Amino acid sequence: MTTQLITTGRERRSGMPDRRRGEPLARRIILRSPVYLVLIIASALALIPFLWMVIASTHKTSDLFVTPLPLLPGGEFWANLGRLQETIGFGQVMLNSVLVAVIYTVFSSIVSIMAGYGLATYRFRGRGVLLGVILVTMMIPMQVLLVPLFQMMASAGLIDTYQALIIPFLANAFGIFLMRQGFLDFPTTLIEAARIDGASELRTFYRIVLPVARPQIAALIIYTFISQWNSFIWPLLMLNSEDKYTIPVALNTMIGLSRVDYSGLMLGSLLATLPLFILFLVFQKQFVAGLLGGAVKG
């Protein structure tokens, strides 16, 4: 009886009955079934390349060119893995990629967070011009920067070093812009209150601002890690020693002039995708919240 009175009172205050609660479940399912059908088809199409990668990595290369194509996993996984390790030293290559990607992600994220915070909260002359210059750098193609960057690294003696892969791109324009947009929604009254209480700028930033910006930071970490993990052109120019190759460069060496080990390439690509998949699963909620954090204001 009490529940009915509360429901009736809500309906009277809103001026209309709650039709959604009274709507039959079967009707809702029928109305939403086209949306579910489209999502199921899109998900299946997106999964097909990954399923084929799994199947191809467990067969011989010759089995991938027969008719009909194999639709079930084979028994050559361990043979392909051993050949992959023997050809490019996949374990060392994976370790190299993890090392470079993690170091780059840590330092590039620090630069992006600090720069984004400064552009969002501090008022100084030329702030708009500085932001415009940062955004303009996003429009410059990477191919235009290859020659001058190569000359700079050569003059600094950094050819065939991991420093050459990390240092030139620490200031990531997209990361700075992403963090600035996230910090713009932060209430400045909290920062001013902390300053009045005598907190230092570093303490204010670390104890008050950073905990609120965790979704944007998670999105930044995922984007930065993936961009460095998949980088190919720049590591190909910088690295000469095979024991320093990253995954994209090492897999490229498996493409010969007369023969291509497609099974090994598929297996290497599959294993290279796993760290990205795990990273996204760990930060999935924060990643989505970080991308949508500045979309709705109110």
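The number of residues in the range 241-271 being among the charged types (D, E, K, R) and closer than 15 Å to W229 by Cβ comes to 0. Taken over the range 115-131, the criterion of being among the small types (G, A, S) and surrounded by 10 or more Cβ atoms within 10 Å (Cβ to Cβ) is satisfied by A115, G116, G118, A120. Note on the range 115-147: residues that are assigned to a loop (DSSP other than H, G, I, E, B) and over 17 Å from P168 (Cα atoms) total 5.
State the number of residues belonging to the range 159-207 that are surrounded by fewer than 16 Cβ atoms within 10 Å (Cβ to Cβ) and more than 30 Å from L145 (Cα to Cα). The total comes to 18. Taken over the range 235-250, the criterion of being part of a helix (DSSP H, G or I) and buried (at least 21 other Cβ atoms within 10 Å of the Cβ) is satisfied by P235, M238, I247, V249, A250. Note on the range 18-42: among residues that are exposed (fewer than 10 other Cβ atoms within 10 Å of the Cβ) and modelled with pLDDT of 80 or more, the one that is farthest from L274 (Cα to Cα) is P34. The condition of being at pLDDT 85 or above, assigned to a loop (DSSP other than H, G, I, E, B) and under 30 Å from I247 (Cβ atoms) does not hold for T87.
Taking M153 as the residue in question, decide whether it is surrounded by 18 or more Cβ atoms within 10 Å (Cβ to Cβ), in contact with a Gly (Cβ under 6 Å, 6 or more places away or on another chain) and assigned to a helix (DSSP H, G or I). Here the answer is no, as M153 does not meet what is asked.
Suppose the filter is surrounded by 15 or more Cβ atoms within 10 Å (Cβ to Cβ), free of Cβ contacts under 8 Å to residues at least 24 places away in the same chain and not aliphatic (A, V, I, L, M); does G91 pass it? No.
Annotation note: of S108, S112, S97, the sole residue that is assigned to a helix (DSSP H, G or I), surrounded by 14 or more Cβ atoms within 10 Å (Cβ to Cβ) and touching a Gly at 6+ places or on another chain (Cβ under 6 Å) is S112.
Here is a yes/no grid of residues against (1) under 30 Å from S269 (Cα atoms); (2) in the same structural domain as L251 (by TED's automatic domain parsing); (3) in contact (Cβ under 8 Å) with a residue 24 or more places away in the chain:
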{"residue": "A171", "(1), (2), (3)": "yes, yes, yes"}
{"residue": "F174", "(1), (2), (3)": "yes, yes, yes"}
{"residue": "D185", "(1), (2), (3)": "no, yes, yes"}
{"residue": "L190", "(1), (2), (3)": "no, yes, no"}
{"residue": "A193", "(1), (2), (3)": "no, yes, no"}
{"residue": "S200", "(1), (2), (3)": "no, yes, no"}
{"residue": "V209", "(1), (2), (3)": "no, yes, yes"}
{"residue": "Q216", "(1), (2), (3)": "yes, yes, yes"}
{"residue": "I233", "(1), (2), (3)": "yes, yes, yes"}
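Taking first residues from the range 147-167 that are closer than 16 Å to D243 by Cα and partners that are part of a helix (DSSP H, G or I) and among the β-branched types (V, I, T), the Cβ contacts under 8 Å between residues at least 6 apart in sequence or on separate chains come to Y162/V100; Y162/I103; L165/V100.
The values are calculated or read from the model by the stated rules, or taken from the named source; none is laboratory data. Bear in mind that the values here come from a model prediction, so they are computed numbers and not experimental data. Every residue, glycine as well, gets a Cβ built from its backbone with ideal geometry; the counts of neighbours run over all protein chains shown.
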